[in-house]
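Reviewing the structure listed below.
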Ligand code: NAD
């Protein structure tokens, strides 16, 4: 059993913390939203009054925050957590952030004698709830071995892809492909629907044909096709459009820093930006289909 500080109890962090509690670990939790802290307390966690209070006595600190600025704000500076946590504590940041930011925070941790890995995840909110996430890890192998039992309590697959920041690069590659595939799947369903096809039958055919993907099988963007997909509950929950937009912006930055070409990734970034401007930024990213589908 480990003493864990868990910071960030949103769509992903909440169920991840719940799985650590189920595995018998002791958690002190903090989120800016008090209702989310209260929910974790019902599941067996101890409430902290702020992030510094959460890390008192922590052997491991896990964070699951929206973006780079939140992670830097949490860990760096005189009042940041790196300056507050017990000697020898391990930091596991599961947020999806800029690779350079992950490296900057990890370097600051190393300077204080602390180990840190970037461990962004794939699998969505369903994977977080089921404990079947994929962890994509950058950092030292010895730090990953310390983290492994905890990651196994929250996920099914663990990939060590390289040094600090590499987990973030690999995660951005995954999400860039996902963003393109989701937009393309929505476009195909809208085309079929415009010709009078039933999107459910079309999706069932695609799910066993060559355009098969997570977008056809698990998070289908058309309402009513899959009962448990965000599209069938007004695009609520799931992976926010603006989080996908953030990730595609990070992918664009990563491409510029190496001169890589990502024409489809750039196009997809613009589509999610348009969807955000249409007022759908807080909806699941599969709502990008609304840009091309009549009456959705
Ligand atoms: P979310 O917005 O639901 O949750 C983030 C939580 O962090 C919020 O509850 C917010 O109050 C809290 N927070 C922000 N700043 C804080 C601070 N300084 N201290 C304490 N709490 C703070 O987001 P999410 O969907 O859970 O995503 C979290 C991260 O995981 C993002 O980087 C996202 O890109 C990534 N991710 C999300 C999914 C998904 O399907 N939702 C899948 C894979 C990866």
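Since every read-out is calculated from the coordinates, none of them should be taken as a lab result. Every value quoted in this text rests on a predicted model; they were computed, and no experiment measured them. Ideal geometry is used to build each Cβ from the backbone, glycine not excepted, and the neighbour counts take in all protein chains shown.
Axis of helix 241-258 versus longest Cα principal axis of the chain: the two differ by about 80°, to the nearest ten degrees. Here the chain carries DSSP beta bridges of which approximately 15% are antiparallel, counting only pairs with both residues inside.
The slack between residue 111 and residue 1, meaning 0.36 nm per residue of separation minus the straight C-alpha distance, is 36.8 nm. If R0 is 51 Å, the Cβ-Cβ spacing of residue 295 and residue 87 corresponds to a FRET efficiency of close to 0.30. By DSSP, the beta bridges lying fully in region 3-163 are antiparallel in about 10 percent of cases. Just need the relative contact order of region 166-296 here, percent rounded to a whole number, with Cα pairs under 8 Å and 6+ apart. Once divided by the residue count of region 166-296, the mean separation gives 31 percent. Could you tell me the center-to-center distance, by alpha carbons, between region 267-295 and region 21-97 in angstrom? Answer, in whole Å: 32.
Principal-axis analysis of the Cα atoms of the chain puts helix 263-275 at an angle of about 90° to the longest axis.
Using Cα pairs under 8 angstrom and six or more residues apart, how large is the relative contact order of the chain, in percent?
Details: 580 pairs, mean separation 38.4, N = 296.
With pairs under 8 Å counted, the relative contact order is 13 percent.
For region 89-163, relative contact order (Cα pairs under 8 Å, six or more residues apart, normalised by length) works out to 29 percent. For the chain, the 222 nm mean residue ellipticity estimated from helices alone, with every DSSP H stretch of n ≥ 4 adding -39500 (n - 2.57) and the total spread over all residues, rounds to -14500 deg cm²/dmol. Taking only the alpha-carbon positions of the chain and ignoring solvent, what does the Debye formula give for the base-10 log of I(q)/I(0) at q = 0.12, 0.15 Å⁻¹? For the requested q values the scattering log ratios are -0.77, -1.13. With a Förster radius of 25 Å applied to the C-beta separation of residue 256 and residue 159, the computed FRET efficiency comes to 0.50. Viscosity 1.567 mPa s, temperature 4 °C: what is the translational diffusion coefficient of region 169-291 from Stokes-Einstein with a Kirkwood Rh over Cα pairs, rounded to a whole number of µm²/s? The diffusion coefficient I find is 89 µm²/s.
Taking 0.36 nm per residue of separation and subtracting the Cα-Cα distance, full extension of the segment from residue 173 to residue 201 would add 7.0 nm. Extension gain for residue 184-residue 142 works out to 11.1 nm (0.36 nm per residue, less the C-alpha to C-alpha distance).
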